[in-house]
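Colleague: Below is a structure I'd like to ask you about.
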Amino acid sequence: MKKLKSINGIPLFYIKSILKIDPTSPSGLTWLPRKNDLGWNNIHANKPAGGQHKSTINQYKSWVINISYNSNKKKLTCSRIIFLLHNGYLTEGKQVDHKDVNSLNNNINNIRELTPRQNQYNRKIQKNNTSGHKGVYWHKKSGKWMVRMRKNGKEYYFGLYVNKEDAIKVAIAARKKLHGDFGRNK
């Protein structure tokens, strides 16, 4: 896959000239001082960059920042900027994910690049889940707990279990095997 050196047309060299990674900043980023711009520096230089944004669709919160470059103003997520600054690239077609599913935690050790499909493995448990565990379902016809999950569009079946605890153990092991480090149990 192609390695990108920009976000939405804003090049890495420009982002490096205005922002730095700062673990003490709530967003994970701090504005850098600008040459010959005392007014801007008095207000913004060495101060936390970005603000919280809450999606109107799913109430998802994230840190975002508005950046102007060549008369174009773009709203970018801070996690993508941090990944780009730390690694020097973003990969085309990949997303930046928060390992702990806390989209406000932009610590460099908490963010990683992955495919959209891998990102789905890291989803929280759905609200309509009746077992309390991903991949474990009540099989009404047999009166047992069933374990099944998907990978790359294919469904995998791991059997029926009398005890829910046995089904949960099998689901955890199966998820680790199928989804690796991207799998999430709850």
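Colleague: Would you say ILE108 is of a type outside the set (Ser, Thr, Tyr) and surrounded by fewer than 15 Cβ atoms within 10 Å (Cβ to Cβ)?
Modeller: No: the conditions fail for ILE108.
Colleague: Next question. Yes or no: the range 137-153 includes at least one residue that is surrounded by 17 or more Cβ atoms within 10 Å (Cβ to Cβ) and either in contact with a Gly (Cβ under 7 Å, 6 or more places away or on another chain) or among the acidic types (Asp, Glu) (or both).
Modeller: Yes, some residue in the range 137-153 is surrounded by 17 or more Cβ atoms within 10 Å (Cβ to Cβ) and either in contact with a Gly (Cβ under 7 Å, 6 or more places away or on another chain) or among the acidic types (Asp, Glu) (or both).
Results for (1) modelled with pLDDT under 85; (2) touching a Lys or Arg at 6+ places or on another chain (Cβ under 6 Å); (3) assigned to a strand (DSSP E or B), shown as yes or no for each residue.
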{"position": "SER142", "(1), (2), (3)": "no, no, no"}
{"position": "TYR156", "(1), (2), (3)": "no, no, yes"}
{"position": "ARG175", "(1), (2), (3)": "no, no, no"}
{"position": "HIS179", "(1), (2), (3)": "no, no, no"}
{"position": "LYS186", "(1), (2), (3)": "yes, no, no"}
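Colleague: Out of the residues in the range 111-129 that are within 16 Å of ASN152 (Cα to Cα) and touching a residue at least 24 places away in the same chain (Cβ under 8 Å), state the one that is surrounded by the most Cβ atoms within 10 Å (Cβ to Cβ).
Modeller: Among those that are within 16 Å of ASN152 (Cα to Cα) and touching a residue at least 24 places away in the same chain (Cβ under 8 Å), it is TYR121.
Colleague: If I go through the range 18-36 residue by residue, how many of them are free of Cβ contacts under 8 Å to residues at least 40 places away in the same chain, surrounded by 12 or more Cβ atoms within 10 Å (Cβ to Cβ) and more than 20 Å from ASN109 (Cβ to Cβ)?
Modeller: 4
Colleague: Against the definition (buried (at least 17 other Cβ atoms within 10 Å of the Cβ), without any contact (Cβ under 8 Å) to a residue 60 or more places away in the chain and more than 30 Å from PRO48 (Cβ to Cβ)), how does TRP63 come out, yes or no?
Modeller: When the stated conditions are applied, TRP63 does not pass them.
Colleague: Evaluate the following for ASP166: is it in contact with a helix residue (DSSP H, G or I) (Cβ under 7 Å, 6 or more places away or on another chain), touching a residue at least 12 places away in the same chain (Cβ under 8 Å) and acidic (Asp, Glu)?
Modeller: No: the conditions fail for ASP166.
Colleague: What residue, of LYS144, LYS94, is under 30 Å from TRP63 (Cα atoms) and either in contact with a Leu (Cβ under 7 Å, 6 or more places away or on another chain) or among the hydroxyl-bearing types (Ser, Thr, Tyr) (or both)?
Modeller: Answer to the selection: LYS94.
Colleague: Using the structure shown, decide if SER68 is buried (at least 19 other Cβ atoms within 10 Å of the Cβ) and within 28 Å of TYR14 (Cα to Cα).
Modeller: No.
Colleague: Would you mind listing the strands (runs of 3 or more DSSP E) fully within the range 1-113 where at least 1 residues are modelled with pLDDT of 90 or more, within 24 Å of GLY180 (Cα to Cα) and not aliphatic (A, V, I, L, M)?
Modeller: Because the criterion is at least 1 residues that are modelled with pLDDT of 90 or more, within 24 Å of GLY180 (Cα to Cα) and not aliphatic (A, V, I, L, M), the strands (runs of 3 or more DSSP E) in the range 1-113 that meet it are 95-98.
Colleague: Is it the case that SER68 is free of Cβ contacts under 8 Å to residues at least 60 places away in the same chain and polar (S, T, N, Q)?
Modeller: yes
The values are calculated or read from the model by the stated rules, or taken from the named source; none is laboratory data. Just so it is clear, the structure is predicted and the values come from calculations on it, not from any experiment. Methodologically, a virtual Cβ is constructed for each residue, glycine included, from the backbone with ideal geometry; neighbour enumeration extends over all protein chains shown.
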